[in-house]
Amino acid sequence: MSSRSRDQRGVAYPAPLVILTVIAVAMAGLAYLVTAGGGADDEIVTAAQPAATELATPEPTVTAEPEQPAEPEEPAIDRAQVFVEVYNNSGIAGLAGRTADAASGVGWQVAGSDNWVGTIPSTTVYYPERLEREAQLLAADLGIERLMPAVDPMRGDRLTIILTSDFA
């Protein structure tokens, strides 16, 4: 057999150098994917991460808060346009009349006063659903604490006060 020497050419790279090279290439590829071809995102990325050669710091961006639509204000309550009925459910003579005069005195349109037959736990302003704000104002004007939705036989176009004691 003849002795031939094999001609082996090649370089053996040390394992740590190969690993570092693979990591560097992977990081470069990842950086390219994150920063490339993003349209509007490009501006944000470049503003947040200035190039290494820039010495100036970027100007902070001021973002305006979106304007929230203003809630429509509810119109002011015109007491003279709201009808009120006053009923006495106590043993105090003339209480409904005095309360009706007090309500008229602050501008409410009192449609009448009379006695109420039935059991009511305490002095109450009853209101149809569409007049709830008005009922709150009437109760505040007269110092009445209890408000309740109207029930039959109360009318649906006005507020009803039923008095069980002299509350004033």
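Read the figures in this text as sums done on the coordinates, not as results from a lab. Quick caveat: nothing in here was measured; it's all calculated off a predicted structure. Ideal geometry is used to build each Cβ from the backbone, glycine not excepted, and the neighbour counts take in all protein chains shown.
Filter segment 103-131 down to the residues that are in contact with a helix residue (DSSP H, G or I) (Cβ under 6 Å, 6 or more places away or on another chain) and in a strand (DSSP E or B) and list them by number.
If we filter segment 103-131 for residues that are in contact with a helix residue (DSSP H, G or I) (Cβ under 6 Å, 6 or more places away or on another chain), which is where we start, we get 106-110, 113, 125, 127.
Correct list: 109, 110, 113, 125, 127.
Please go through segment 81-137 and pick out each residue that is closer than 20 Å to residue 148 by Cβ, of a type in the set (Asp, Glu) and out of contact with any strand residue (DSSP E or B) (no Cβ under 7 Å at 6 or more places or on another chain).
132
Would you be able to say whether some residue in segment 93-105 is of a type outside the set (A, V, I, L, M), surrounded by fewer than 22 Cβ atoms within 10 Å (Cβ to Cβ) and touching a Phe, Trp or Tyr at 6+ places or on another chain (Cβ under 9 Å)?
First, pick out the residues of segment 93-105 that are of a type outside the set (A, V, I, L, M): 94, 97-99, 101, 104-105.
Those still in the list that are surrounded by fewer than 22 Cβ atoms within 10 Å (Cβ to Cβ) too: 94, 97-98, 101, 104-105.
So of that shortlist, the ones also touching a Phe, Trp or Tyr at 6+ places or on another chain (Cβ under 9 Å) come out as none.
No: zero hits.
Return only the number of the condition from (1) outside any loop (DSSP other than H, G, I, E, B); (2) touching an Asp or Glu at 6+ places or on another chain (Cβ under 8 Å) that residue 136 does not satisfy.
(2)
If you go through segment 138-154 one residue at a time, how many are of a type in the set (D, E, K, R) and in contact with a strand residue (DSSP E or B) (Cβ under 7 Å, 6 or more places away or on another chain)? Don't jump to the end; show me each part of the working.
Of all residues in segment 138-154, those of a type in the set (D, E, K, R) come to 141, 145-146, 152.
Within this subset, residues satisfying the condition of being in contact with a strand residue (DSSP E or B) (Cβ under 7 Å, 6 or more places away or on another chain) are 146.
Residues in segment 138-154 being of a type in the set (D, E, K, R) and in contact with a strand residue (DSSP E or B) (Cβ under 7 Å, 6 or more places away or on another chain): 1 in total.
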